[in-house]
Amino acid sequence: MFKATRPFDALMDITARPQTVFVRGKGSYLWDDKGKRYLDFIQGWAVNCLGHAPSCVAEAIAAQATQLITPSPAYYNAASLKLAKALVDLSCFDQVFFANSGAEANEGAIKLARKYGAQHKGGAYEIITFQGGFHGRTLATMSASGKKAFEPLFEPKVAGFRKARLNELASVKALISDATVAVMLEPIQGEAGVWPASDKFLNELRALTHEHGLLLIFDEVQTGIGRTGRLFHYEHAGITPDIMTLGKGIGGGVPLAALLATEQVSCFEHGDQGGTFNGNPLMCAAGLAVLEELGKPAFLKSAAETGLHLESELQKLSARHGLGEVRGRGLLLALDLKLPIGSAIVAQAFESGLLLNSPQPDALRFMPALNVTREEIAEMIDGLDAILTKAGAARRVA
Ligand SMILES: *Cc1c(COP(=O)(O)O)cnc(C)c1O
């Protein structure tokens, strides 16, 4: 019988991971068990919006843990009431359901749209999603995703998702039928390599969905909570969706996600939706600490400026090395490498103590803490510059 011999072997091998064990993090830095320091421009996949172990989140969790960890989702608790009210006050939505992951929040959005279709649209249940889109790893959210690699997996998929092309309104129109209830998208496709929907396209989508009585669902799991320089990405386009999901940054590092809906659409009845840990006060206390920090004067303005600074530094780097465009918004940016060298660069960066992500073979993605400093950006750019110089020299020799 196979019995795990090394500590690594007792975990299911679900992704290629460096054989390094991380033990500590603070701000933009992580340390492994050998004491090596890494500058982190991944931040748990755009999760640690305030960096590693922010004291406001640590203190909120510690304080809440001594008071009440969970009373059961069948009872109200103060932290979830406060967080729901804060999210409603800060957004265009009226009601919130808390979840434990982005995928679970999106499952809730899909269910809510289907419920709305059953109640108001003669049982319409199809949701138009997008090629390249990513909505999570549950069966329904994998089915909603437009990721090529998901296509052959775990058949049969959940039915009812039809895929349009981002920024091509005609491709959406062509899929609308009596069975359609909603259109769902990430305003910036993160996992696909940071491909933004244009503000024009988002406005056209809003007009089209209104015209056909369809719901517009924004998956802001990656773009929400200040990541693009506004609290929510939909604010950039000047439109309001009917449903939005949040995850990643909302908990400042802990598992917290949310499904938000306007009053007209918020139609769950008793028994439709729930979950053991949903809205537990421990995670909601972390969410409250995050919102309090982001709500401080100038926090988001400063994050937006830092995003512009990083963008311009990446553009200069790209020009120096003859690379491609810089895409994205705020502190969700990608650099087009023009060659499939992303994973080689990520591996060399790791060796040199720099954590970078390559969501596609020819792109690097940058999702640092929203309070990353100019010095840390300079350190990252210098490190990447050295790696690109070496890679360029190797190519010229070869
Ligand atoms: C990460 C992500 C998800 C999935 O969130 P999990 O917390 O990993 O389930 C869904 N949608 C988008 C846009 C994401 O970036």
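The values are calculated or read from the model by the stated rules, or taken from the named source; none is laboratory data. Here the structure is a predicted model, which means the values were calculated and not measured. Positions of Cβ are backbone-derived with ideal geometry, glycine not excepted, and every protein chain shown enters the neighbour counts. Calculation scope for accessible area: heavy atoms of the full protein, side chains included, ligands and nucleic acids excluded. Shrake-Rupley method; radii C 1.70, N 1.55, O 1.52, S 1.80 Å.
Summary table below
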item: Alpha-carbon radius of gyration plus Dmax, which is the widest Cα pair, for region 65-160 in Å; result: 16.7, 49
item: Per residue accessible area of region 293-389, 1.4 Å probe, in Å²; result: 41 Å²
item: Rg/Rh (Cα only; Kirkwood hydrodynamic radius) as it applies to the chain; result: 0.97
item: Solvent exposure ordering (accessible area, 1.4 Å, most first) of R206, R37, R329; result: R37, R329, R206
item: Check: region 55-294 dipole with +1 on Lys, Arg Cβ and -1 on Asp, Glu Cβ, in debye; result: 420 debye
item: For region 9-63, accessible area per residue (1.4 Å probe, heavy atoms of protein chains only), Å²; result: 57 Å²
item: Relative contact order (percent, whole number), the chain, Cα cutoff 8 Å, 6+ residue spacing; result: 22 percent
item: Proximal lysines relative to K390, as straight alpha-carbon distance under 24 Å, when same-chain residues fewer than 8 apart are discounted; result: K36, K316, K338
item: Burial order of peptide ranges 219-231, 265-277, 101-113 (average beta-carbon count within 10 Å, highest first); result: 219-231, 101-113, 265-277
item: Sulfur and carbon atoms: percent of accessible area, the chain [1.4 Å]; result: 56 percent
item: Total lysine pairs under 20 Å (Cα atoms) in region 55-294, excluding pairs fewer than 8 apart on one chain; result: 15
item: Sparsely packed GluC sites (Glu not before Pro) within region 295-398, loop by DSSP, other Cβ within 10 Å at most 15; result: E325
item: Sequence ranges 316-322, 55-61, ranked by mean other-Cβ count within 10 angstrom, highest first; result: 55-61, 316-322
